[in-house]
Amino acid sequence: MDEDQENMTSVTAQLKTEMTWRAWLKEHGSKLLLFARQQTRSIADAEDVLQDALVKLARKVAENSFDGGQQSWLPYLYTSIRRCAIDLGRKSDRRGKREEKVEMERQYETGGKFDPWFDSDAAGEESRGYIEQGLKELPEKFSEVIVMKVWGERTFAEIGEALNISQNTAASRYRYGLEALRKQLAQVRNEGNLSL
Amino acid sequence: MDEELRAIEDQLEQLSPAAMPDDMLARMEQAMERWQETVPVEEKIVAFEPVKLEKGRMRFFNTWASAAAVALIAATSYIVFNSGTTTESTIVNQDGPIVDPITQLVPTQNIQNVVPASNSQFGTQVKRASNDVITYDAKGRPMRLMQVEFEDEVTIRGRDGKIYKVKQPRIEYYAVPVEIH
């Protein structure tokens, strides 16, 4: 194969990879972004950790050092997003409480409308808001399992591996998390604020 | 899982994660295409060959220890110069060589003849400094290792009234945390 053919092959391969990334991001980006939001304190931080994780994946794929095929990208990314979020959280602790307070106040005042985690569905904007708020108020160890299971469509084994817990612990946290969420929404319903 | 939890689960599944905005999608795609331009934090610090330090050699700067060392040099030199035997040390004048290491001159007698050194009788010069070594502490934090060579100089007066200058080389190591961005 002469030099021109080699260059053409390389360009073609690169174009295929770019098209793959865009198509793949369109299909899976929203659920990854949701998990990144759950793991971080703001949309900006969520974008940062998601980008870090995606770049690491792109590098591994380009260098041919990624173990497993395309079906392993999602499990890898969930683990990577979590680790990046933990690292970012450690650095953020040094930024001071003020930035966190401002972000939390903004989220509270807008009811999460400013950066909604979900698109409004048939249940309506109000229900979306309460469910989203309920998720945010859950202990993180419950909400992260729920997010990975329901919208990430991960198995309990994959969740356990990503969170460094056992499969049984992942399943238990999922049940406890749903129960806690159920109680929250029941309380809201009893107060007449939710048409569930 | 009971029916109530299944109902909550079904409710949650009706929600769809908010779609990634187009501009964010473009940024992510671009970042993935240009992964070579993003260097991980752990690769921003280039490790040099770890320096094997002798046990106990690496320490932080201690003013009092340095002053005590110089005072000891002066005291020992005074005793040596006035004991009548000078084979174990070298007297330094303006042109003379450097005295032997202090460990060979620890006094065991005639302590009462020691003349305490004053500030004007000893000085320290930095002969050389280097900071091109990076090592890691026990917690894995990168530390820049600075090696500073000092030359301690003690001016003493012998019984014959002559002024002698004793020079003692000394190397200090300083570990400075490397700032990581």
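Observations on the structure shown:
- Whole-number D in µm²/s for the range B:3-43 (Stokes-Einstein; Kirkwood sum over Cα pairs; 25 °C, 0.890 mPa s): 180
- Förster-model FRET efficiency, 25 Å R0, B:SER16 and A:ALA23, C-beta, rounded to 0.05: 0.85
- Take each residue of peptide A:43-49, count the partner chain Cβ atoms within 10 Å of its Cβ, and average: the result is 1.
- The fewest-to-most ranking of A:ILE159, A:ILE43 by surrounding Cβ atoms within 10 Å reads A:ILE43, A:ILE159.
- Here the label points at A:ILE86 and B:GLU3, each 7 Å from Cα along the C-beta direction, are separated by 4.1 nm in the simple model.
- Each principal axis of the Cα cloud of the range A:131-196 was evaluated for its coordinate range; sorted largest first, these ranges are 40, 17, 15 Å.
- Applying 1/(1 + (r/R0)^6) with r as the Cβ-Cβ distance of B:THR38 and B:LYS167 and R0 = 45 angstrom yields a FRET efficiency of 0.30.
- Entries of A:LYS26/A:LYS136; A:LYS31/A:LYS91; B:LYS127/B:LYS165; A:LYS141/B:LYS139 with Cα pairs more than 21 Å apart: A:LYS26/A:LYS136; A:LYS31/A:LYS91; A:LYS141/B:LYS139
- Average partner coverage of B:22-32, which counts Cβ from other chains inside 10 Å: 6
- Ordered by the number of other Cβ atoms lying within 10 Å of each residue's own Cβ, fewest first, B:SER130, A:SER72, A:SER30 fall into the sequence B:SER130, A:SER72, A:SER30.
- Taken residue by residue and averaged, Cβ atoms of other chains lying within 10 Å of the Cβ of A:56-65 number 3.
- Förster radius 35 Å - calculated FRET efficiency between A:SER72 and A:GLU126 (Cβ-Cβ, nearest 0.05): 0.35
- Per-residue Cβ neighbour rank within 10 angstrom, fewest leading, B:MET143, A:MET148, B:MET20: B:MET143, B:MET20, A:MET148
- Between A:GLU191 and A:GLU137, the contour length at 0.36 nm per residue exceeds the Cα-Cα span by 17.6 nm.
Each value in this text was obtained by applying a stated rule to the coordinates, not by laboratory testing. Note that the coordinates shown come from a computational prediction; the quantities given were computed from them, not determined experimentally. When we count neighbours, we look across all protein chains shown, and the Cβ atoms used for this are built from the backbone with ideal geometry, even at glycine.
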